[in-house]
Every structure is written in structure tokens, then in C-alpha cells.
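Just below is one structure, and these are the notes that go with it.
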Amino acid sequence: MSDTNRAASDQGAHQPLADRVLAEAPRLGPDDRFSFACHAGVPCFNKCCRDVNIFLSPYDVLRLKQRLRMTSGEFLDRYTLMPVQKDMRTPVVVLRMNADAEKTCPMLTDSGCGVYTDRPWPCRMYPLGLAAQKDTPDGWQGERFYFLLHDQECRGHAEAKEWTVRAWLDDQQIDAYDQWGEAFKELTLHKFFEEGGVLSPSKLHMFFTACYDLDKFRRFVFDSTLLQRFEVDEDFVEEMRYDDEALLRFAFLWVRFSLFGEPTVRARPEVVEAFQGSLDKRALFTNAAADEATS
Ligand code: SF4
Ligand code: SF4
């Protein structure tokens, strides 16, 4: 599967492929069947984990950095690229292939994927792709279907093992990835962008930090005055301190509040007063950690 995207995604980074698929591919529903198996006995074993574009979602990064016992910053520095694209509205994060001649995936080992149970969404989905349209003004009711990716080198399609689409998705434990993907899509396809909004460099950086660099975002939450300024449930605050998924939930709320102006986080009454002029705002908003997250 060289020089290609591993699977068409509805997460924003594969739009031309998705458009083509929407027009041409046989559409599969949950009960449609296909044959496929991938195991160490196939002659192509490990050949497809090279020179492939794998776009990472925030949840992919969360799972991988936990698996590799790294901080988000270490993982992003070591294993990802952030290609700058024309008209890019939100950051794009791609798994960086090794610099060898074959551009091998850094997660590949002789016995297969070294992060198998935490591998990214596109790797879990293969050989299925997902195409989706967002064609209503307020939601995600557009056409959504699966299709079969059939790379010529892949011998897995000749295996006898038969699946329904639903059984494959269950087997790959795709549910959690899909739920996080939907929540992230609500940010990347936010009406702010549809209405022509463009994030400033510092806001783009906050978007990236909150969604992808969770350990840095945790410092922003706990080392800045944020928790003094906003009402966040105390139990949830304690959860966020140690639980990356809780923190990512808050990160998405924070993006919606701080970048798109949604009322997803509520300011404390004294902050409201400060904005109304009866308190000194500088006392509430001066903190180095807050600057760090947007620089
Ligand atoms: S993450 Fe694993 S499955 Fe995905 S390309 Fe790399 S080695 Fe292959
Ligand atoms: S069967 Fe397909 S997915 Fe499995 S190793 Fe071969 S090319 Fe990759």
C-alpha cells in the first residue's frame, strides 16, 4: 500500500479520496460481507506498513503515547509530522515514517505491528474505508457508508475468513475511536469555519495543544489560573489530573469555549464581575502557564 492513504476518513484529511469513493465505490452496510484475514502466514506480511500516510486523531495520539509510555510532547516530537497545507483550518498530524529506503512505519517489528492493540484508527479499519458526507447545516446526517480498500499487493483478500462489516468493526474495537472521532469532527468541521472564521496562529496553537499535546494542556489547566477562573466540577478536576481521557473531554470543551465562543465552560462570578469592570482583570489573568499553551 505504498504512496497512499491507509483508509479514507471522515475526519477531514482525506477529502479528495472520500469524494471519489462517494462517487465510485460499491457501498457496504453493516451486514454486507467480505473475505479477509491478515496473519504472519500471508506472503505480504508486514509489507503494507511502509510509506503510508496515516493521519492521527487526538485519540490515536493519546493511545499511542500511553502505549509507548511517553509524554504527548515526546511522542509528537519523535513520531509525527505536521504538514502545512494550503487553506489548513486546523492542525494535521501524521505518523512519521522512518528515514530508511522503504519508509518503514516506526511501529513495525518483525512480528508485526508493535502497538497492535493501540494502533491508529486507519490501521484498525483496513481493509475497510469509511466515507461520510456532512450535508445538513446542523449535524451529521449525511450519507455514511463503508467500502473495501483493495490494494494489489495485499493477499489478505484471498483468505477464506468471512466477515460482515459489523463483525469486523466489533473485532477491531472501533467504537471508542469512532466516538472520539465524532467529537473531534465537531471541532474540525465547526460552523465557525463554515462561516469563514480563521484561527489566529496563537489560537491554532491552543487548538493543537488542547487536542494533541495533552500533557502540556494538563500543565495549562493545573498550573495556570484557569481553574480559579472557571467553574469545573471538583471530581472532574481530580479525574483530569490523572486520566488522559477525562482531560481530552475537557480539552474539547475548552476549544469550543475559548476558540468558538460556545458556552461549554462557565466563568466564575468574580470573573464575570471583572469583565464588567468592578474587579481588576490583571489579577485573574496573569500566569506564565497560560502564555506557554498559546506560544
Ligand atoms: S501503526 Fe502498526 S499497523 Fe499501522 S502502519 Fe504502523 S506498524 Fe502497521
Ligand atoms: S494481508 Fe494485507 S494488511 Fe495484512 S500484511 Fe498483507 S498487505 Fe498488509
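The values are calculated or read from the model by the stated rules, or taken from the named source; none is laboratory data. Small disclaimer: the values here were computed from a predicted structure and weren't measured. We place every Cβ from the backbone using ideal geometry, glycine too, and count neighbours over all the protein chains shown.
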Checklist line | Hits in the range 38-52 - residues which are within 25 Å of the chain's Cα centre (by Cα), more than 9 Å from ligand 2 (Cβ to nearest atom) and assigned to a loop (DSSP other than H, G, I, E, B) | finding: 51
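Yes/no per residue for (1) under 20 Å from residue 154 (Cα atoms); (2) of a type in the set (A, V, I, L, M, F, W, C); (3) not assigned by TED's automatic domain parsing to the domain that holds residue 246:
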site: 40; (1), (2), (3): yes, yes, yes
site: 51; (1), (2), (3): yes, no, yes
site: 54; (1), (2), (3): yes, yes, yes
site: 57; (1), (2), (3): no, no, yes
site: 75; (1), (2), (3): no, yes, yes
site: 81; (1), (2), (3): no, yes, yes
site: 103; (1), (2), (3): yes, no, yes
Margin query: Quick check on my filter: what residues within the range 199-208 are part of a helix (DSSP H, G or I) and surrounded by 15 or more Cβ atoms within 10 Å (Cβ to Cβ)?
Written below: 203, 204, 205, 206, 207, 208
Checklist line | Any chance residue 160 is surrounded by fewer than 16 Cβ atoms within 10 Å (Cβ to Cβ), of a type outside the set (D, E, K, R), within 25 Å of residue 26 (Cβ to Cβ) and modelled with pLDDT of 95 or more | finding: yes
Checklist line | Count of residues meeting criterion [out of contact with any Ser or Thr (no Cβ under 8 Å at 6 or more places or on another chain) and within 16 Å of residue 121 (Cα to Cα)] in the range 174-210 | finding: 8
Notebook entry, point to check: Which residues, taken from the range 72-102, are in contact with an Asp or Glu (Cβ under 9 Å, 6 or more places away or on another chain) and loosely packed, with under 15 Cβ neighbours inside 10 Å?
Noted result: 74, 102
Note to self: Looking at the range 109-130, can you tell me whether even one residue there is in contact with a strand residue (DSSP E or B) (Cβ under 7 Å, 6 or more places away or on another chain) and more than 15 Å from ligand 2 (Cβ to nearest atom)?
What the structure shows: yes
Check: How many residues are surrounded by 15 or more Cβ atoms within 10 Å (Cβ to Cβ) and within 19 Å of residue 146 (Cβ to Cβ) when one looks only at the range 34-47?
Finding: 4
Check: Do we find a residue being at pLDDT 70 or above and either within 14 Å of ligand 1 (Cβ to nearest atom) or closer than 16 Å to residue 106 by Cα (or both) anywhere in the range 17-28?
Finding: no
